[in-house]
Amino acid sequence: MSDRGPMLAQPLRPPSGGRAAACLGLLLLGAVTGVAGALVQSGWFPGGLLLALAGAAGLFLGGARALGSRAGAVAPAAGWMIAVVLLTSGRPEGDFLFGAGIGSYLFLLGGMALAVICATLGPGRQPVGDDVRLGK
């Protein structure tokens, strides 16, 4: 064991300034990706849906790899979810962006599933030092 104790027993620390700015940038980029995906998925149905989901998956997984933590996948997923949920609500005039077709449901459910998958695959925090390796 290291002198800092096990990772689960450590107190939560607020993210550093650069890390918080990166998470905020990823949140905004996730919102932009959600709006763009909502427009593309219905425009070119089979290909647009795949393109929108591939873009979302790339952003979620890329954010996790860029920050080296699961927060890198959660931040753009939260932005994506906020944008998509706001776009699903209808306006009083009757305008709406999402139709009631299979493509819209696949986009919503597929994006949520990709967010969970990419957040799960994101690298967690690992202990550092030579004493955490077996056999040393």
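The values are calculated or read from the model by the stated rules, or taken from the named source; none is laboratory data. Because the structure is predicted, anything quoted here is derived from the model rather than measured. Heads up, the Cβs are rebuilt from the backbone with ideal geometry, glycines too, and the neighbour counts pull from every protein chain shown.
Gly68: on the phi > 0 side of the Ramachandran plot, out of contact with any Gly (no Cβ under 7 Å at 6 or more places or on another chain) and surrounded by fewer than 15 Cβ atoms within 10 Å (Cβ to Cβ), yes or no? Don't jump to the end; show me each part of the working.
On the way: on the phi > 0 side of the Ramachandran plot: yes; out of contact with any Gly (no Cβ under 7 Å at 6 or more places or on another chain): yes; surrounded by fewer than 15 Cβ atoms within 10 Å (Cβ to Cβ): yes.
When the stated conditions are applied, Gly68 passes them.
Quick grid of which residues meet (1) of a type in the set (Lys, Arg); (2) over 25 Å from Trp44 (Cα atoms); (3) at pLDDT 85 or above:
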site: Arg65; (1), (2), (3): yes, yes, yes
site: Arg70; (1), (2), (3): yes, yes, no
site: Val74; (1), (2), (3): no, yes, yes
site: Ala77; (1), (2), (3): no, no, yes
site: Ile82; (1), (2), (3): no, no, yes
site: Pro92; (1), (2), (3): no, yes, no
site: Leu97; (1), (2), (3): no, no, no
site: Leu109; (1), (2), (3): no, no, yes
site: Ala113; (1), (2), (3): no, no, yes
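If I filter segment 34-45 for residues that are modelled with pLDDT of 85 or more, at negative phi, among the β-branched types (Val, Ile, Thr) and surrounded by 15 or more Cβ atoms within 10 Å (Cβ to Cβ), do I get at least one hit?
Yes, that holds for at least one residue.
Among the residues of segment 36-71, count how many are among the aromatic types (Phe, Trp, Tyr) and either under 18 Å from Ala119 (Cα atoms) or in a helix (DSSP H, G or I) (or both).
Taking segment 36-71 and keeping what is among the aromatic types (Phe, Trp, Tyr), we get 44-45, 60.
Remaining after also requiring either under 18 Å from Ala119 (Cα atoms) or in a helix (DSSP H, G or I) (or both): 45, 60.
Of the residues in that region, 2 qualify.
Being surrounded by 13 or more Cβ atoms within 10 Å (Cβ to Cβ), at pLDDT 80 or above and farther than 14 Å from Ala73 by Cα is the filter here, so list the residues in segment 1-33 that pass it.
Answer for segment 1-33, where residues must be surrounded by 13 or more Cβ atoms within 10 Å (Cβ to Cβ), at pLDDT 80 or above and farther than 14 Å from Ala73 by Cα: just Val32.
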